[in-house]
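To keep things clear, I will list the structure first and then write my remarks on it.
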Amino acid sequence: MSLKEYQSRFFELSLRCQVLRFGEFTLKSGRVSPYFFNAGRFDHGAALAALGECYAQALEDSGLAFDMLFGPAYKGIPLATSLAVGLARRGRDVPLAFNRKEAKDHGEGGLMIGAPLEGRVLIVDDVVTAGTAVRVSLAQIRSAGATPCGVLVALDRQERGESGLSATAEIRATAGIPVIAVARLEELLAYTSDQPALREHQARLQAYRERHGVGQAEPSH
């Protein structure tokens, strides 16, 4: 498969920032993965600016209609902010909100920070694993009277959950909203295939996908 230009930039950025690493990593699920993605390593202004452009292009390609952005605490906060800046550079200035892990009982108080939740709200995060953070976000958005319209993530691992579907497919099925990814495991396999220095990881990535992946049956968004 051929990668989109912004997907190649996304993987180059992720490797440069050591967000994406190859090796042997035990995940929360107990699975031993040949790669690990830690968006917390996007920890400099230039990296976040570049990431925001990748998010913005993926969102533009999706054609999804939205009115504002929501970043779940904690990693979703800088990611949604980077996207808001990326969209502003493209001429679209959108409101942004995010939540606290615990309600604040002094000052302005409450769980929410930023613009009021209203209209069609796009949730922005790094990856979707069990989908717990997304479900919390959906409930908070709906309780404010707004409408969740989709989830935008950096990487879709395309792994089966307990239901046999991936976490992103479960969100689509239960919440009725699309999940958009800048890139998926499928694109990571294509990228490593095109990079001579990374081809050594191909066999383990493919084996992991065959054991835990959902294959190509699920749509990208």
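The values are calculated or read from the model by the stated rules, or taken from the named source; none is laboratory data. The shown structure was predicted, so the numbers you read here are calculated from the model rather than taken from an experiment. Cβ: placed from backbone, ideal geometry, glycine included. Neighbour counts: every protein chain shown. Only protein heavy atoms, including side chains, enter the accessible area calculation; ligands, DNA and RNA are left aside. Shrake-Rupley method; radii C 1.70, N 1.55, O 1.52, S 1.80 Å.
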Considering the chain as a Gaussian network with a 10 Å cut-off on Cα pairs, which listed residue, Phe25, Phe11, Phe37, attains the greatest mean-square fluctuation?
-> Phe25
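Taking R0 as 22 Å, what FRET efficiency do you get between Ser2 and Leu27 from their Cβ-Cβ distance, rounded to the nearest 0.05? Kindly include the intermediate steps, with their values, before the conclusion.
Working: r = 29 Å, r/R0 = 1.33.
It comes to 0.15.
Taking a probe of 1.4 Å, how large is the accessible area per residue of the range 130-221, in Å²? Show your work: numbers first, answer last.
On the way: 4150 Å² over 92 residues.
Here the residues of the range 130-221 average 45 Å² of exposed surface.
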Determine, at each q value in 0.09 (inverse angstroms), the log₁₀ of I(q)/I(0) that the Debye formula gives when each Cα of the chain is one equal point scatterer.
-> -0.35
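With only alpha-carbon pairs counted, each pair once and no self-pairs, how large is the Kirkwood hydrodynamic radius of the range 1-60 in angstroms?
One decimal place: 12.6 Å for the Kirkwood radius.
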Can you pull the Rg over Rh of the range 30-146, Cα-only, Kirkwood?
-> 0.98
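Could you work out [θ]222 nm for the chain from helices alone, using -39500 (n - 2.57) per DSSP H run of at least four and dividing by all its residues? Round to the nearest 500 deg cm²/dmol.
Values: 7 runs with 86 residues, N = 221.
Calculated mean residue ellipticity at 222 nm is -12000 deg cm²/dmol.
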Which of Gly114, Gly52, Gly63 moves the most in a Gaussian network model of the chain with Cα springs under 10 Å?
-> Gly63
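For the range 25-99, how big is Rg over Rh, using alpha carbon atoms and the Kirkwood form of Rh?
Numbers: Rg = 14.2 Å, Rh = 13.6 Å.
That ratio is 1.05, to two decimals.
Considering only lysines 8 or more places apart in sequence, or on different chains, count the pairs in the chain whose C-alpha atoms sit under 28 Å apart. Spell out each step's value before the answer.
Working: Lys4/Lys75; Lys28/Lys75; Lys28/Lys101; Lys75/Lys101; Lys75/Lys104.
Pairs that pass both the separation and distance tests number 5.
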So how compact is the range 122-221: Cα radius of gyration and Dmax in angstrom?
-> 14.9, 51
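Whenever you get a sec, compute what percent of the accessible area on the range 8-121 sits on carbon and sulfur atoms (1.4 Å probe). If you can, show how the numbers build up before the last one.
On the way: 2950 of 5730 Å².
Of the solvent-accessible surface of the range 8-121, carbon and sulfur hold 51 percent.
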Between the residues Gly71, Cys149, Leu96, the Cα farthest towards the positive end of the dipole of the chain, that dipole coming from +1 and -1 charges on the beta-carbon of Lys, Arg, Asp and Glu, is from Gly71
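Using a 1.4 Å probe on the protein chains only, how many percent of the accessible area of the range 144-221 belongs to carbon and sulfur?
47
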For the range 130-190 versus the range 21-43, the gap between their alpha-carbon centres in whole angstrom = 19
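Provide the net charge surrounding Thr132, with neighbours chosen by a C-beta distance below 12 Å and charges set as Lys +1, Arg +1, Asp -1, Glu -1. Walk me through the numbers on the way to the answer.
Numbers: positive: Lys28, Arg135; negative: Asp125, Glu170.
Taking every other residue near Thr132 into account, the sum is 0.
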